[in-house]
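Novice: Let me begin by handing over the structure; questions about it come next.
The values are calculated or read from the model by the stated rules, or taken from the named source; none is laboratory data. Treat the numbers as computed from the prediction; the structure is a model and nothing was measured. Here the Cβ is made from the backbone with ideal geometry for all residues, glycine too, and neighbour counts use every protein chain on show.
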Amino acid sequence: MQSVKIGILGLGTVGSGTVNVLTRNSREISRRAGRDIEIYRAADRDLDKPKGCDTSAINLTDDAFDIINDPEIQIVVELIGGTGVAKELVIKAIENGKHVVTANKALIAIHGNELFELAQEKGVTISFEAAVAGGIPIIKAMREGLAGNRIEWLAGIINGTGNFILTEMREKGRDFADVLAEAQALGYAEADPTFDIEGIDAAHKLTIMASIAFGIPLQFDKCYTEGISRIAQEDVLNANELGYRIKHLGIAKKTTAGVELRVHPTLIPQRRLLANVNGVMNAVVVKGDAVGPTLYYGAGAGSEATASAVVADIVDIVRALTTDPENRVPHLAFQPDALKDTPILPMSEVVTSYYLRIHTLDKPGVLADITRILSNEGINIEAILQKQPEEHEGMVPIIMLTQAVVEKNMDQAIAQIEALDTVPDSIMRIRMESLGG
Ligand SMILES: NC(=O)c1ccc[n+]([C@@H]2O[C@H](COP(=O)([O-])OP(=O)(O)OC[C@H]3O[C@@H](n4cnc5c(N)ncnc54)[C@H](O)[C@@H]3O)[C@@H](O)[C@H]2O)c1
Ligand SMILES: N[C@@H](CCO)C(=O)O
Ligand code: NA
């Protein structure tokens, strides 16, 4: 049988990994797919830059549209990134009747609704396993493996760069900027690394997972997003002392009032598996009503780990080339006309417990003022840790763990505490999750 011809757009970290995996494992892959897969063409706008793969047998171009317009190519693999030219290329590819594989979470989270509709209309598939948690087959697991469940919640470490930074800070006391530079050199970070640090990349991935879990349209703009750049070494140490770890989590939860969709640093008990996921590794816990909690773990970024997911998507498409489009697995797990518009809850309505770090002046009565304000807002204190002033330029850091409270009450309490003369700095708050049941 004739080989299936694919065209790759972008030969950077993931593009070159994809060439390497497809080439090295070509025999195994053909046995699985039932057809040979041929890298017919590849495009990179910067062909002079050395590539991380052998391109001698590939017909190269610096114009990605050459590939989109090539009638021989059945599958386009978009590994350029971003929502500019990548969107234009994907739309043109679909219009030209080509299937698309992409690792681009920004594109799917922001434009997925319209792209899937177009793909549906044209009878082609957009596959995006590499877009969420890199090499971990989380999309496949949720979309197919958990299809019998009502998914209740999911929580995950879904940014490799951020987890690498937090791990190095905790284990080696390393400086934030220094670790970020290393993550960039290793090819983990986004083109704009603020996407990693400020939680935007994790929010893209969480948006995609929440749609697949709950059967709702993609709503990236409603995702609450907070990064890790404000976390200080003292918070990492305090958490440790209290039996917790700080992890940058994406959390999606179905409640009776709506769906919680939030990315933020989170204190989780040290004994939880997620607390022990370190470095560039990612992990996602998905709780289904029938199966209970399930855990998916693996490399969340990196050249060949991500390529593993890209190639799996290519194999899936090749296997399904002759099937009727109506019989393919729906892009977002639920049939397009069965998606529900369950509301996304504003952050002010989310209920969690908190870690608070309050720097106070060393004066009598400060603690009493703080506890009075918290109590007036209905906030119960679970634990208090008071540090010595000497190490903190005369300030007394007070660390508190609270019981669960609705976020708007905590907002009000924090505003009142910050207004006290004895509290000159802004308060650090980190939400807590038990991740039990
Ligand atoms: N790096 C990872 O670990 C990883 C993991 C999962 C997903 N992703 C996603 O994969 C995509 C690619 O990421 P990457 O890390 O490989 O990026 P990269 O910067 O290493 O590679 C992008 C490549 O695209 C080329 N390019 C840019 N504009 C182009 C254009 N108009 N036409 C042709 N080529 C063009 C660049 O020259 C570069 O070689 C992004 O969407 C990213 O979010 C990356
Ligand atoms: N920049 C992303 C790449 C994988 O999506 C990360 O660090 O997780
Ligand atoms: Na994945």
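Novice: Check region 35-58 and report whether any residue there is among the aliphatic types (A, V, I, L, M) and in a helix (DSSP H, G or I).
Specialist: No: region 35-58 contains no residue that is among the aliphatic types (A, V, I, L, M) and in a helix (DSSP H, G or I).
Novice: I've got another one for you. Just one of the numbered conditions (1) modelled with pLDDT of 95 or more; (2) buried (at least 16 other Cβ atoms within 10 Å of the Cβ) is not true of Gln412; which one?
Specialist: Result: Gln412 fails condition (2) only.
Novice: Is there a residue being within 16 Å of ligand 3 (Cβ to nearest atom) and in contact with a helix residue (DSSP H, G or I) (Cβ under 9 Å, 6 or more places away or on another chain) anywhere in region 145-153? Spell out the reasoning first.
Specialist: Of all residues in region 145-153, those within 16 Å of ligand 3 (Cβ to nearest atom) come to 145-146.
Of the ones still in play, those that are also in contact with a helix residue (DSSP H, G or I) (Cβ under 9 Å, 6 or more places away or on another chain) are 146.
Yes, region 145-153 has at least one match.
Novice: Would you check which residues across region 286-304 are touching a residue at least 12 places away in the same chain (Cβ under 8 Å) and farther than 16 Å from Asn163 by Cα and list them?
Specialist: Let us first name the residues in region 286-304 that are touching a residue at least 12 places away in the same chain (Cβ under 8 Å), namely 286-291, 293-304.
Of everything in region 286-304, those that are touching a residue at least 12 places away in the same chain (Cβ under 8 Å) and farther than 16 Å from Asn163 by Cα turn out to be Val286, Lys287, Gly288, Asp289, Ala290, Val291, Pro293, Thr294, Leu295, Ser303, Glu304.
Novice: Return the residue satisfying two criteria in turn: it lies in region 285-314 and is assigned to a loop (DSSP other than H, G, I, E, B) and over 19 Å from the mean Cα position of the chain (by Cα), and of such residues it is farthest from Arg32 (Cα to Cα). Before the answer, list the steps.
Specialist: Just the residues of region 285-314 that are assigned to a loop (DSSP other than H, G, I, E, B), to begin with: 289-291, 300-302.
Then keep just the ones that are over 19 Å from the mean Cα position of the chain (by Cα); that gives 289-291.
On the way: Asp289: 33, Ala290: 31, Val291: 29 Å.
Across region 285-314, the extreme among qualifying residues is Asp289.
Novice: Filter region 285-302 down to the residues that are within 16 Å of ligand 2 (Cβ to nearest atom) and buried (at least 24 other Cβ atoms within 10 Å of the Cβ) and list them by number. Full working, then the answer.
Specialist: So the first thing to find is which residues in region 285-302 are within 16 Å of ligand 2 (Cβ to nearest atom), and the list is 296-302.
The answer is Gly300, Ala301.
Novice: Then there's this: Say whether the condition of being touching a strand residue (DSSP E or B) at 6+ places or on another chain (Cβ under 7 Å), touching a residue at least 40 places away in the same chain (Cβ under 8 Å) and in a strand (DSSP E or B) is met by at least one residue in region 380-396.
Specialist: Scanning region 380-396, I find at least one residue that is touching a strand residue (DSSP E or B) at 6+ places or on another chain (Cβ under 7 Å), touching a residue at least 40 places away in the same chain (Cβ under 8 Å) and in a strand (DSSP E or B), so the answer is yes.
Novice: On the basis of being within 16 Å of ligand 1 (Cβ to nearest atom), aromatic (Phe, Trp, Tyr) and outside the structural domain of Ala232 (by TED's automatic domain parsing), does Phe128 make the cut?
Specialist: On the way: within 16 Å of ligand 1 (Cβ to nearest atom): yes; aromatic (Phe, Trp, Tyr): yes; outside the structural domain of Ala232 (by TED's automatic domain parsing): yes.
Spelling it out, Phe128 is indeed within 16 Å of ligand 1 (Cβ to nearest atom), aromatic (Phe, Trp, Tyr) and outside the structural domain of Ala232 (by TED's automatic domain parsing).
Novice: Right, here's the next one. Run down Gly112, Gly82 and say which single residue is at pLDDT 95 or above, small (Gly, Ala, Ser), within 16 Å of ligand 2 (Cβ to nearest atom) and buried (at least 21 other Cβ atoms within 10 Å of the Cβ). Give the derivation first.
Specialist: Values: Gly82 fails: buried (at least 21 other Cβ atoms within 10 Å of the Cβ).
The match here is Gly112.
Novice: Take the residues in region 265-278 that are in contact with a Lys or Arg (Cβ under 9 Å, 6 or more places away or on another chain) and among the hydrophobic types (A, V, I, L, M, F, W, C), then tell me which one is surrounded by the most Cβ atoms within 10 Å (Cβ to Cβ). Don't jump to the end; show me each part of the working.
Specialist: Residues of region 265-278 that are in contact with a Lys or Arg (Cβ under 9 Å, 6 or more places away or on another chain), as a first pass: 265-270, 272, 274-278.
This time we only want the ones that are among the hydrophobic types (A, V, I, L, M, F, W, C), so: 267-268, 274-275, 277.
Details: Leu267: 26, Ile268: 21, Leu274: 21, Ala275: 20, Val277: 22.
Among those that are in contact with a Lys or Arg (Cβ under 9 Å, 6 or more places away or on another chain) and among the hydrophobic types (A, V, I, L, M, F, W, C), it is Leu267.
Condition check ((1) within 16 Å of ligand 3 (Cβ to nearest atom); (2) buried (at least 19 other Cβ atoms within 10 Å of the Cβ)) across all residues:
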site: Ile157; (1), (2): yes, yes
site: Gly162; (1), (2): no, yes
site: Asp175; (1), (2): no, no
site: Asp178; (1), (2): no, no
site: Ala183; (1), (2): no, yes
site: Pro193; (1), (2): no, no
site: His204; (1), (2): yes, yes
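Novice: In the list Ile94, Ile6, Ile29, which residue meets the criterion of being in contact with a helix residue (DSSP H, G or I) (Cβ under 9 Å, 6 or more places away or on another chain), aliphatic (A, V, I, L, M) and not in a helix (DSSP H, G or I)? Spell out the reasoning first.
Specialist: Values: Ile94 fails: not in a helix (DSSP H, G or I); Ile29 fails: not in a helix (DSSP H, G or I).
None of the other options fit; the residue is Ile6.
Novice: Looking at Ala305, is it within 15 Å of ligand 2 (Cβ to nearest atom) and buried (at least 20 other Cβ atoms within 10 Å of the Cβ)?
Specialist: Values: within 15 Å of ligand 2 (Cβ to nearest atom): yes; buried (at least 20 other Cβ atoms within 10 Å of the Cβ): yes.
Here the answer is yes, as Ala305 does meet what is asked.
Every residue, every condition in (1) surrounded by fewer than 19 Cβ atoms within 10 Å (Cβ to Cβ); (2) more than 30 Å from Ile398 (Cα to Cα), yes or no:
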residue	(1), (2)
Asn240	yes, no
Leu249	no, no
Gly258	yes, yes
Val280	no, yes
Ala283	no, yes
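Novice: A further question on this structure: Mind telling me which of the residues Asp324, Asp369, Asp341, Asp313 ends up being among the acidic types (Asp, Glu), at pLDDT 95 or above and over 27 Å from Tyr244 (Cβ atoms)? If you could, list the steps in order and put the result at the bottom.
Specialist: Numbers: Asp324 fails: at pLDDT 95 or above; Asp369 fails: over 27 Å from Tyr244 (Cβ atoms); Asp341 fails: at pLDDT 95 or above.
Criteria check complete, one pass: Asp313.
Novice: Taking the stated definitions as given, is Glu117 within 24 Å of the chain's Cα centre (by Cα), within 16 Å of ligand 3 (Cβ to nearest atom) and outside the structural domain of Leu274 (by TED's automatic domain parsing)?
Specialist: Numbers: within 24 Å of the chain's Cα centre (by Cα): yes; within 16 Å of ligand 3 (Cβ to nearest atom): no; outside the structural domain of Leu274 (by TED's automatic domain parsing): yes.
So Glu117 does not fit the description; no.
Novice: Residues to consider are Ala64, Ala109, Ala86; find the one that is touching a Cys at 6+ places or on another chain (Cβ under 9 Å), closer than 30 Å to Leu180 by Cβ and outside the structural domain of Pro293 (by TED's automatic domain parsing). I'd like the intermediate steps shown before the answer.
Specialist: Values: Ala64 fails: touching a Cys at 6+ places or on another chain (Cβ under 9 Å); Ala86 fails: touching a Cys at 6+ places or on another chain (Cβ under 9 Å).
One residue alone meets the criteria, Ala109.
Novice: Of the residues in region 118-165, how many are in a helix (DSSP H, G or I) and in contact with a Ser or Thr (Cβ under 7 Å, 6 or more places away or on another chain)?
Specialist: 3
Novice: Kindly list, by first and then second residue, each pair from a residue in region 91-120 that is of a type in the set (Phe, Trp, Tyr) to a residue that is at pLDDT 95 or above, limited to pairs with Cβ atoms under 6 Å and residues at least 6 apart or on different chains.
Specialist: Qualifying pairs under 6 Å: Phe116/His331.
Novice: Also: Which condition number in (1) among the polar types (S, T, N, Q); (2) under 29 Å from the mean Cα position of the chain (by Cα); (3) surrounded by fewer than 22 Cβ atoms within 10 Å (Cβ to Cβ) is the one that Gln2 fails?
Specialist: Result: Gln2 passes all but (2).
Novice: Considering region 190-206 alone, what residues qualify as being within 14 Å of ligand 1 (Cβ to nearest atom) and either without any contact (Cβ under 8 Å) to a residue 40 or more places away in the chain or in a helix (DSSP H, G or I) (or both)?
Specialist: Within region 190-206, the subset within 14 Å of ligand 1 (Cβ to nearest atom) is 190-196, 200-205.
Within region 190-206, Asp192, Pro193, Thr194, Phe195, Asp196, Ile200, Asp201, Ala202, Ala203, His204, Lys205 qualify.
Novice: Which condition number in (1) away from ligand 2 (no atom under 16 Å from the Cβ); (2) in contact with a Cys (Cβ under 7 Å, 6 or more places away or on another chain) is the one that Ser16 fails?
Specialist: (1)
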